[in-house]
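One structure below.
The values are calculated or read from the model by the stated rules, or taken from the named source; none is laboratory data. The model shown is predicted, which means the values in this text are computed figures rather than measured ones. Note that each Cβ is placed from the backbone with ideal geometry, even for glycine, and that neighbours are counted across all protein chains shown. For accessibility, only protein heavy atoms count, side chains too; no ligands or nucleic acids. Shrake-Rupley method; radii C 1.70, N 1.55, O 1.52, S 1.80 Å.
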Amino acid sequence: MANRTDPLAKSIHGTNPQNLVEKIVRSKIYQSTYWKEQCFGLTAETLVDKAMELDHTGGTYGGNRKPTPFLCLALKMLQIQPDKDIVVEFIKNEDYKYVRVLGAFYLRLTGTVADVYQYLEPLYNDYRKIRHKLSDGQFTLTHVDEFIDELLTKDYSCDTALPRIQKRWVLEASGTLEPRRSALEDDFEEEEEDKEEEQPMEIDEPNGREKDNHRGRSPARERDRDRDRDRKHERHHRDRDYERDRDYDRDYGRGRERDRDRDRERDRNRDRDRDRDRHRLRDDDYSRDRDRDHERDGRERERRDRDRGRHRSRSRSRDRRDRDREDGEYRRRRGRGSMSPRGRGEDGVTREEPKRKKEKKEKGGGNAPDPNDPEIIEMNKLRASLGLKPLK
């Protein structure tokens with residue numbers, strides 16, 4: 001609630017008056033101790049007392065960008081939006097210079113172009129000293145007319161972006177403003193008149209009458225003619241100065257446009273170089289990663305080939321051992337069979353079983369089976385139980 005703009009306040013330049021101060025600076029002001037303690041509940045009447053206590057101007061300062069009381073009071077004026085008459089009285093106040101500077105700063109933010117030139121240009125004649133706090137917290141000495149010139153010619157003052165205003169010669173050409181009249185012009189005219197009056201006059205001794213330097217001309221008419229000539233001369237010089245200032249402003253504007261285009265081109269080139277360097281670094285990183293991957297793949301391939309060769313040689317040696325083992329077992333078996341004590345013939349391969357069969361054949365060839373053999377009797381009984389014929 002303490003930071004809200006007055007509901008009756010009108011929008012300035014199409015926005016909330018407090019938005020004329022940048023958001024970061026505005027948040028710094030809201031968090032400052034001076035705003036919370038000294039600016040709470042201020043009105044247009046009580047604001048004058050706080051403005052009379054100011055002893056310096058400035059924006060923000062220090063490492064944490066603390067706002068000055070001058071900037072806090074300016075934001076408070078934007079919040080409560082005092083009447084134009086009160087602001088004009090601030091500017092016309094000659095006793096307190098900081099009150100005048102505060103009113104001029106507020107009018108520069110919120111006033112129209114005509115009001116800005118109308119009320120701020122007379123302050124060029126105020127040469128009083130004021131203190132200004134820099135961004136590092138140090139104080140510097142300046143003057144009221146220098147501060148007013150900064151408000152009228154610069155785009156940034158007291159860490160605040162000033163609204164853009166038209167050049168004076170544009171307003172003079174459109175008839176909005178009259179040509180500026182210097183405060184010293186009347187003093188120059190009076191000084192010229194005093195010089196003309198102090199010029200010595202020649203006296204005609206025989207006639208006892210005063211005689212002007214130029215015969216046949218009265219002093220009053222000559223003085224008026226000289227004054228008109230001097231005014232024409234001053235007007236000519238003023239017009240020439242005006243033309244020179246207008247040409248300078250035009251050239252200055254063109255120079256600023258050229259500088260802006262040059263800065264834009266330089267920024268574009270810098271961005272292009274930065275992008276090129278970034279792509280080059282990216283390509284280098286990609287090629288480096290690719291080489292590293294190729295090396296890793298080569299090492300993996302070599303290790304696989306080495307493992308495959310080792311496995312192949314191991315399996316080959318295993319097969320060789322198996323064959324050798326089988327051949328050894330076969331030889332051992334064969335050796336055991338050849339060295340058995342069952343007898344050898346001439347070829348060394350005679351066996352006992354064929355010999356026994358041969359003997360059985362020889363024995364059985366001449367004798368018939370015995371019918372009283374218990375085995376035969378047992379077999380016949382079994383065959384009789386099965387219903388078969390007995391053995392013959």
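Before moving on, here are some points about what is shown:
- Scanning segment 14-36 for residues that are loosely packed, with under 12 Cβ neighbours inside 10 Å and assigned to a loop (DSSP other than H, G, I, E, B) yields one hit, 14.
- Selection from segment 37-46 of residues that are in a helix (DSSP H, G or I) and closer than 20 Å to residue 90 by Cβ: 46
This table checks each residue for (1) more than 22 Å from residue 135 (Cβ to Cβ); (2) β-branched (Val, Ile, Thr).
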{"position": "9", "(1), (2)": "yes, no"}
{"position": "12", "(1), (2)": "yes, yes"}
{"position": "52", "(1), (2)": "yes, no"}
{"position": "59", "(1), (2)": "no, no"}
{"position": "74", "(1), (2)": "no, no"}
{"position": "77", "(1), (2)": "yes, no"}
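- Conditions (1) exposed (fewer than 11 other Cβ atoms within 10 Å of the Cβ); (2) among the small types (Gly, Ala, Ser); (3) in contact with an Asp or Glu (Cβ under 9 Å, 6 or more places away or on another chain); (4) modelled with pLDDT of 65 or more: number failed by residue 218: (4)
- Flag if residue 74 is farther than 16 Å from residue 160 by Cα, buried (at least 19 other Cβ atoms within 10 Å of the Cβ) and out of contact with any Lys or Arg (no Cβ under 9 Å at 6 or more places or on another chain): no
- Residue that is open to solvent by less than 30 Å² (accessible area, probe 1.4 Å) and either in contact with a Lys or Arg (Cβ under 8 Å, 6 or more places away or on another chain) or hydroxyl-bearing (Ser, Thr, Tyr) (or both), where the choices are 47, 54: 47
- None of 303, 316, 325 is among the basic types (Lys, Arg) and open to solvent by less than 100 Å² (accessible area, probe 1.4 Å) except 303.
- Taken together, the criteria place residue 176 among residues that are open to solvent by less than 90 Å² (accessible area, probe 1.4 Å), at pLDDT below 90 and either part of a loop (DSSP other than H, G, I, E, B) or in contact with a Leu (Cβ under 9 Å, 6 or more places away or on another chain) (or both).
- Scanning segment 85-136 for residues that are aliphatic (A, V, I, L, M) and within 14 Å of residue 47 (Cβ to Cβ), we see that the one that is most open to solvent (accessible area, probe 1.4 Å) is 86.
- Just one of the listed residues (140, 153) is under 41 Å from the mean Cα position of the chain (by Cα), more than 27 Å from residue 12 (Cα to Cα) and without any contact (Cβ under 8 Å) to a residue 24 or more places away in the chain, and it is 140.
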